[in-house]
Amino acid sequence: MTSKEVDRHLAKLQEPQRSTLQKLRELILEEIPEAEEVISYGFPGYKLNGKIICGFDAFKNHCSFFPHSSLVIPELEKELVNYKTSKGALQFGIDKPLPKTIVRKLIRTRIRLLKETGAN
C-alpha cells in the first residue's frame, strides 16, 4: 500500500470532509514522518515498525480518528472532554480539523503504550 492509495481514498470524499482529513493527514505525517501510509480496515492508516499507530475516515455527519487501541482515549479523557469518544474512536466535525496538540498527544500516547505494553 502506498500514499497514492490514501490520495485516492481522500479524493473520493466530498468537501468539507476531504479538506478536514487532508489537514489531519498532514498533522499525522508531521508528527510521525517515518510512518508508512496504508489502507487498513478500508480507511487510511499509519504504520510504524509493522504496527498501526492510527487511522481516520469520514462519515456523513462527522470524521473519526482511530488510535487502534482501546487504551489511548481513556488515558486522554480530560483532554478530549469536548469530543464524542468511544474506546476506539474520537469523533470530530466534518469541517473542524483536530488541533495539532490533540493529534500529537493521541499519537504519542499510542506509541508510548505500544512500547510499554507491546499490545496492539
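The values are calculated or read from the model by the stated rules, or taken from the named source; none is laboratory data. What you are looking at is a predicted structure, and each value in this text was computed from that prediction instead of being measured. Because the Cβ atoms are built from the backbone with ideal geometry, glycine has one as well, and the counts that use them run over all protein chains shown. Just the protein is used for accessible areas: all its heavy atoms, side chains included, with ligands, DNA and RNA removed. Shrake-Rupley method; radii C 1.70, N 1.55, O 1.52, S 1.80 Å.
Looking across the range 92-108 at every residue that is among the β-branched types (Val, Ile, Thr) and open to solvent by 30 Å² or more (accessible area, probe 1.4 Å), the one that is nearest to Leu29 (Cα to Cα) is identified as Thr101. The residue that is least open to solvent (accessible area, probe 1.4 Å), among those in the range 77-91 that are in contact with a helix residue (DSSP H, G or I) (Cβ under 8 Å, 6 or more places away or on another chain) and either of a type in the set (Asp, Glu) or outside any loop (DSSP other than H, G, I, E, B) (or both), is Leu90. Selection over the range 39-76 of residues that are open to solvent by less than 20 Å² (accessible area, probe 1.4 Å), part of a loop (DSSP other than H, G, I, E, B) and either touching a Phe, Trp or Tyr at 6+ places or on another chain (Cβ under 7 Å) or modelled with pLDDT of 95 or more (or both) gives a count of 2.
Under 11 Å from the mean Cα position of the chain (by Cα) and under 14 Å from Ile102 (Cα atoms) - does that describe any residue in the range 66-81? Yes. Restricting attention to the range 26-38, the residues that are exposed (fewer than 13 other Cβ atoms within 10 Å of the Cβ) and part of a helix (DSSP H, G or I) add up to 1.
The residue that is most open to solvent (accessible area, probe 1.4 Å), among those in the range 1-25 that are outside any helix (DSSP H, G or I) and more than 19 Å from Asn61 (Cβ to Cβ), is Met1.
Among the conditions (1) over 14 Å from the mean Cα position of the chain (by Cα); (2) in contact (Cβ under 8 Å) with a residue 24 or more places away in the chain, Asp7 misses just one, which is (2). In the set (1) farther than 15 Å from Leu21 by Cβ; (2) at pLDDT 95 or above; (3) open to solvent by 90 Å² or more (accessible area, probe 1.4 Å), the condition left unmet by Ile111 is number (3).
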